[in-house]
1. If R₀ is 25 angstrom, what is the calculated FRET efficiency for the pair S104 and E49, using the beta carbon separation as r and rounding to 0.05?
2. Sequence-distant or interchain residues sharing an amide H contact under 5 Å with C106, placed H: which?
3. Within the set of other residues whose C-beta is less than 12 Å from the C-beta of D116, count the net charge using Lys and Arg as +1 and Asp and Glu as -1.
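What follows draws every value from the coordinates through simple rules; no lab data is involved. Note that the structure is a prediction, hence the values are computed from the model and not measured. Please note: Cβ atoms are built from the backbone with ideal geometry, for glycine as well, and neighbour counts cover all protein chains shown.
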Amino acid sequence: MRDVSKKLTVLAALVVLAACASADEYAAERRVRLLELHPPGTPRARIHEEFGGTEPEFSLTRPEAGWRTFESATIGARALASVKRTGEAVARVERWYMPDGFFSLCYVWFYYDENDRVVDAEWQYHTD
């Protein structure tokens with residue numbers, strides 16, 4: 001009985017790890033697709049047009065002291081992660097809340113330079 005319990009515990013751990021990897025892989029694939037649709041250099045105004053004239057959930061600019069000092073550590077960390085990924089300075093972050101397929105919702109993040117041009121994008125499950 002004890003061996004069965006150990007095997008079930010290991011199996012459950014593997015299922016959890018596989019689900020996490022799948023979610024991360026899906027987010028990475030969605031990020032690539034976002035950047036194909038809205039490549040670096042895309043004007044912010046075009047993003048707003050393409051999203052049907054709706055407004056982002058928020059649009060935030062980098063504080064003078066930098067993203068490390070931003071009031072929301074989570075948003076600051078995302079902006080800094082974008083800088084690390086791309087090597088480009090992020091002057092503005094926008095997050096859009098939108099449908100993703102028929103029964104799912106997501107967040108779409110856009111990172112812009114000082115000229116309001118896309119430098120990076122991210123996709124995130126709305127429940128993350």
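1. Taking R0 as 25 Å, the efficiency between S104 and E49 is 0.55.
2. Counting only residues 5 or more places away or on other chains, the set is M98, D100, H126.
3. Value of the local net charge: +1.
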